[in-house]
Amino acid sequence: MDNREQDNIADKIERIRILNDVFRRTGQGGKIMITQGISQMPLPLQAQLMSLIRQYNEFSKDNDPYREHDLGSVKLDGDNILWKIDYYDQRLEYGSPDPADADVTIRVMTVMLASEY
């Protein structure tokens, strides 16, 4: 792989990371799905959870090896909670043809109790 190809890959990863961060922090550019365990939490606790996810910034080589900021975990009220961003096409039928292109991608963040995984 030459330097130009490496630069293109690095640029694409950076675009994905930026789009994921914007989506996670604002909810714009995708849909947020919660599991049954999360939906059974009291609404104020759900709001607190979403605030923790929006503020999350504990990415490292260990938990974010591809540097896309697409996965994380938080603790709330004694529960371990996971969130994961996946990339779909505009019809939400298949994977996105290019997660770095917001025009062809809908992000879906799933929030779940770790015990539901």
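The values are calculated or read from the model by the stated rules, or taken from the named source; none is laboratory data. As the structure is a computational prediction, the values presented were derived from the model and not from experiment. Note that we place each Cβ from the backbone using ideal geometry, even for glycine, and neighbour counts take in every protein chain shown. To get the accessible areas, we keep the full protein, side chains included, count just its heavy atoms, and leave off ligands, DNA and RNA. Shrake-Rupley method; radii C 1.70, N 1.55, O 1.52, S 1.80 Å.
Key figures for this structure:
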{"quantity": "For the chain, accessible area per residue (1.4 Å probe, heavy atoms of protein chains only), Å²", "calculated": "65"}
{"quantity": "Whole-Hz ³J(HN,Hα) from phi, Karplus 6.51 cos²θ - 1.76 cosθ + 1.60, for the range 98-106, glycine and proline x", "calculated": "7, x, 7, 10, 5, 6, 10, 10, 10"}
{"quantity": "FRET E, pair SER73, ASP98, Förster distance 25 Å, beta-carbon r, rounded to 0.05", "calculated": "0.35"}
{"quantity": "Candidate residues THR110, THR105, THR26: accessible-area rank, largest first, probe 1.4 Å", "calculated": "THR26, THR110, THR105"}
{"quantity": "Per-residue SASA entry for VAL108, accessible area with 1.4 Å probe, Å² rounded to 10", "calculated": "20"}
{"quantity": "Per DSSP, loop chymotrypsin sites (Phe, Trp or Tyr not before Pro) in the range 39-68 with at most 12 further Cβ within 10 Å", "calculated": "TYR66"}
{"quantity": "The range 62-117: GluC sites (Glu not before Pro) in DSSP loop, at most 13 other beta carbons within 10 Å", "calculated": "GLU93"}
{"quantity": "The range 74-100 versus the range 1-44: alpha-carbon centroid distance in Å", "calculated": "7"}
{"quantity": "Length added when fully stretched, GLN28-GLU5, from 0.36 nm per residue minus Cα-Cα", "calculated": "5.3 nm"}
{"quantity": "Share of carbon and sulfur in the accessible heavy-atom surface of the chain [1.4 Å probe, %]", "calculated": "49"}
{"quantity": "With at most 10 neighbouring Cβ atoms within 10 Å, loop trypsin sites (Lys or Arg not before Pro) (DSSP) excluded, longest segment of the chain", "calculated": "1-60"}
{"quantity": "Karplus 3J(HN,Hα) series, Hz, for the range 77-87 with 6.51 cos²θ - 1.76 cosθ + 1.60 (x for Gly, Pro)", "calculated": "6, x, 9, 8, 10, 10, 9, 9, 9, 10, 10"}
{"quantity": "Calculated mean projected area of the Cα convex hull in nm² (choose from (1) 10.6; (2) 7.1; (3) 8.2), label", "calculated": "(3)"}
